[in-house]
Amino acid sequence: MKNIKLTLLTASMSFLALSGNALAANQSHTVSVTQISSKSAFLLAQDAVNQCEAKGYKVSATVVDVSGQVLAQLRSDGAGIHTLDSSRKKAFTVASMKQPSGNLMKLVAEKPIMQPLQNMDDNLLFLAGGVPLQLNETFIGAIGVGGA
């Protein structure tokens, strides 16, 4: 085990030594990602829940970043516990597929050959209620609402 760690350490140091100049000269080894802030995510989730409550719906809202990771999640008083998972999965689905979850629901209903798409990942949920968040046509995250 000690030899494996030493070999990995040596290999890592060699890579850094050899690639250091290349990385400095060519920054294409990194990417910049524009995504919604956690503060804005919280405000969006809060607004979604408030709007639904004003219409008499008890819901949960989840906002995720561009990779589908939860930034904010809020559940109305009295909303079913299942709505947390539902809203998260709808938001994740949008982040993964880059389109509203309702569009995907319609797609698998109209084209049965596409139904296996919804089974690719346990986090996908092809039901209406998830939409992309965009800033100047750049995808910055997604919001999902469950329970309405």
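Computed from the coordinates by the stated procedures, all read-outs in this text should not be read as laboratory data. Small disclaimer: the values here were computed from a predicted structure and weren't measured. Glycine gets a Cβ as well: all are built from the backbone with ideal geometry, and neighbour counts include every protein chain shown.
Observations
- Unique residue being surrounded by fewer than 18 Cβ atoms within 10 Å (Cβ to Cβ) and small (Gly, Ala, Ser) when the list is GLY102, GLY129: GLY102
- Answer residue from segment 94-148, given it is assigned to a loop (DSSP other than H, G, I, E, B) and without any contact (Cβ under 8 Å) to a residue 12 or more places away in the chain and is nearest to the chain's Cα centre (by Cα) among those: ASP122
- Within segment 75-131, tally of residues that are out of contact with any helix residue (DSSP H, G or I) (no Cβ under 8 Å at 6 or more places or on another chain) and on the phi > 0 side of the Ramachandran plot: 2
- Yes/no for VAL108 being out of contact with any strand residue (DSSP E or B) (no Cβ under 8 Å at 6 or more places or on another chain), among the aliphatic types (A, V, I, L, M) and more than 22 Å from VAL33 (Cβ to Cβ): yes
- VAL49 being touching a strand residue (DSSP E or B) at 6+ places or on another chain (Cβ under 8 Å) and not in a helix (DSSP H, G or I): no
- Set SER40, SER76: member being in contact with an Asp or Glu (Cβ under 9 Å, 6 or more places away or on another chain) and surrounded by 15 or more Cβ atoms within 10 Å (Cβ to Cβ): SER76
- When we screen ALA91, ALA61, ALA109, ALA79 for residues that are out of contact with any Ser or Thr (no Cβ under 8 Å at 6 or more places or on another chain) and hydrophobic (A, V, I, L, M, F, W, C), the only hit is ALA109.
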